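Have a look at the structure below, then the notes.
The values are calculated or read from the model by the stated rules, or taken from the named source; none is laboratory data. Just so you know, these numbers come straight off a predicted model, no measurement behind them. All Cβ positions, glycine included, derive from the backbone under ideal geometry; neighbour counts span all protein chains shown. SASA here: full protein model, heavy atoms, side chains in, ligands and nucleic acids out. Shrake-Rupley method; radii C 1.70, N 1.55, O 1.52, S 1.80 Å.
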Amino acid sequence: MKTYYKYFTTIFVLLGKLAFSQELKFTAHFFLNGQALNNVQVSIYDAITNKLIEENNTDKSNKYKINLETGNDYKIYFSHPNIHKMFIEIVSRTMSENDALNSYYYQMDTVELIPSSEKVDKNVLEKNPLHKIIFNQETKQFEYDKAYNEMILPKIFMEEESEQEQNISKPIKIPYNLAGTLFIKYGNNSTPLSKKDVVLYKINNLPHSAKLTNNFGQFFFNKVYIDSTKSLFIDLKEKEAIGKTLILADSKKNLLYETKITDTKIEIPLSQTLVHSLIDNRFSFFIGGKIYKESDTSVAFYADEPVFLLNQKGTVIQSTKTNVFGGFVFQDIKPGNVYQIAVPKSAFKKPYQAKLYNNLDEPICQIDSTLEDNQLVCAFRSESNKKFDNLVLNESVLKMNIKGKVYNENTNNPVSNLKIYLINENGKIIDSTITDNFGSFIFAFVPYMKYSFKFYDPSNSIVTSSKILLYSSNDQLVKLLYMIKNNPFIFNLLDYEQKKLNEIYSEDPWLNVTSLKLKNKNIPTISEHIYFETNQYKITTEAERVLKKILTVLLANPQFHIEIRAYTDSRADDKYNLELSQKRALAVKNYLIEKGISSDRITAIGLGEEKILNHCKNGVPCTDDEHAVNRRVEFDLKVK
């Protein structure tokens, strides 16, 4: 084994943090073969936009230092005639707003650079940082990512093969992408294992890479040689998980493995059967959020307006329109790429600004970077970080409208009264409809799924030939079909064909309410996780964004009356929780009254911990995620 670790005997020293300077004071000392190396060229780039920030030379010194703004990611390149060009990456985009207000001092005492005579895989070295320095949310410090360093070293250095080894033909190995989901189960309740470290180890006991599960317990590893995998190592961190069951599922949530939790650190052995079940080379994410038009004095939904998804180069790859609450969804987000969410600059005249929030109304970013003078953008990288994790959507919350048009022979002959059946992946008929006089049809409020169609023409609307044209609602040709008159005809749609027909959105019960007919009195109870500060009942800015949806519905439908029921989790005394929930329910009622809703249309009730939804009752040890399920406000709408 080559002793390449000598090039990375790097000493990292963190010298505290200073308040309110909003910067990282970064210092490095360069060495080559143990000797100080002067005249090193240093180039600093924004890791997201690839914009050059600073370029400098250490001249007669081997020391380099710079002050970098916190809250961004950076690539720092080192070059010299006697070394291989390389770079390190500093990751601080995941910092909270409060953490980004501080100043941090990080020093790399010994950066041992790689001589140009050393045999390396230049492709790996050019595309991957030599070191990663990341901001640790728990310790509130910048730290050296040791697991990453151990993973990347064997890939950078190339072993010399003997003549005998060179003459042996080797089988071609194909790397795969692995994706899975982790849950904690207690009784009949399952909770996603969110924000936990997952490390994939190889059979040589070196880590392949380390990932952080997202809000839905999902993780992803790319370019994995499956015959070299050994195990998954999971750090649960919370002792409350001991005694419960850890579940490993694939990306579609099919159960693969479960084990009783006896320690906060768990290792799952990866048999070939198990690792094959995790292969998902087509794995991608759905993301979604809400855009608001905000000023110092008002907040408004960016409703029924265009929003775009751009790649790193600024090319539009998807577009859609926001709903009545400013919501949108994009699909096919591949892991590890840089994307940008963009809106037209002309839509936000002063004093309004574009603010992006996730579906829980938690702030993501201000859409304020200018692109080509006509668009405002917010960039993110599709890997585990706070910004991206809060944008990711679970398929279970997605709904879609399927819209299309059917023509016979050409677009001058719409097919009316055509019976269309919607069929799911299991062959079950989900719904049916009939085309109108323009050949148009729609399936509304359908859960997101893969589907097929069954056409039947009982009215003999198809008269000229058996040639059928299926178009999208915006007049794109989707599929050309041939069917025999009067015979039912079932056909499948490819993924890209379904995308032309689908209008995907994140499920929001208030959206359904806006579409209900006034005579409908069977409106389901709506539960919202409205955020209150601990032990407080004042309406926060986060809570106001949720309540604004309710206000919109009530103002537009004066026949609606609403009952508000507030609940707490089981932590704290029963009597205290009851009183606190009553104050919170009353605070919601008062907010709606202040905004113009008559008090006789509102009933407010506080029920404390009366209706715990899971096992987390008094005295039962639970994680924060499990307790959060019970902190909620429910709303019942009635038509009177």
**OP:** Sort out for me the Cα centre separation of the range 278-295 from the range 304-364, rounded to whole Å.
**Re:** 10 Å
Original post:
On a 0 to 90 degree scale, rounded to 10, what angle separates helix 146-156 from the longest Cα axis of the chain?
Top reply: 70 degrees
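Can you check how the C-alpha radius of gyration of the range 314-354 compares to 2.2 N^0.38 Å, as a plain ratio?
It is 1.39.
Could you work out the relative contact order of the range 356-480? I mean the mean sequence separation of Cα pairs under 8 Å and 6+ apart, divided by the number of residues, in percent.
Reported relative contact order: 23 percent.
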Original post:
Once you list every other residue whose beta carbon is under 13 Å from the beta carbon of Tyr148, what net charge do they have if Lys and Arg are +1 and Asp and Glu are -1?
Top reply: -2
**OP:** Could you let me know the centre-to-centre spacing of the range 433-512 and the range 605-623, using Cα atoms, in angstrom?
**Re:** 46 Å
Original post:
Based on the Cα atoms of the range 535-634, what semi-axes does the equivalent ellipsoid have, where each is the square root of 5 times one gyration tensor eigenvalue, given in whole Å with the largest first?
Top reply: 27, 13, 12
Original post:
When averaged across all projection directions, what area in nm² does the alpha-carbon convex hull of the chain cover?
Top reply: 36.0 nm²
Original post:
Using alpha-carbon pairs under 8 Å, 6+ residues apart, how would you state the relative contact order of the chain in percent?
Top reply: 8 percent
**OP:** Working from Cα positions, state the angle (0 to 90°, nearest 10) between the long axis of helix 574-594 and the longest principal axis of the chain.
**Re:** 70 degrees
Subject >> Rg/Rh ratio calculated on Cα atoms of the range 286-386 (Kirkwood radius) >> reply: 0.94
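Students often get this wrong, so check it: of Lys223/Lys387; Lys293/Lys313; Lys85/Lys387; Lys195/Lys237, which have C-alpha atoms separated by over 20 Å?
Correct reply: Lys223/Lys387; Lys293/Lys313; Lys85/Lys387.
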Subject >> Relative contact order [Cα under 8 Å, 6+ residues apart], the range 28-97, whole percent >> reply: 30 percent
Subject >> Among Met95, Tyr105, Asn82 the positive-end extreme of the charge dipole of the range 62-114 (Cβ point charges) >> reply: Asn82
**OP:** With a probe of 1.4 Å, find how much accessible area the chain has per residue, and write the answer as a whole number in Å².
**Re:** 50 Å²
Original post:
Can you put Ile203, Ile602 in order of accessible area, largest first, using a 1.4 Å probe?
Top reply: Ile203, Ile602
Original post:
Is it possible to state the helix-based mean residue ellipticity at 222 nm for the chain, with each DSSP H run of 4+ residues giving -39500 (n - 2.57), the sum divided by total residues, to the nearest 500 deg cm²/dmol? What is it?
Top reply: -4000 deg cm²/dmol
Original post:
Of the heavy-atom accessible surface of the range 64-104 (probe 1.4 angstrom), what whole percent is carbon and sulfur?
Top reply: 41 percent
**OP:** Of the options Ile261, Pro458, Ala147, report the single residue whose Cα projects farthest towards the positive end of the charge dipole of the chain (beta-carbon charges: Lys, Arg +1; Asp, Glu -1).
**Re:** Pro458
Subject >> Table column - 3J(HN,Hα) (Hz), the range 623-640, Karplus curve with 6.51, -1.76, 1.60, x for Gly and Pro >> reply: 7, 4, 4, 6, 5, 4, 4, 8, 7, 7, 10, 9, 10, 10, 9, 10, 9, 10
Subject >> Relative pair counts by distance (%), Cα atoms of the range 172-308, 10 Å bins >> reply: 11, 38, 25, 13, 11, 2, 0
Original post:
Could the peptides 52-64, 316-328 be put in order, highest first, of the mean number of other beta-carbon atoms found within 10 Å of their residues?
Top reply: 316-328, 52-64
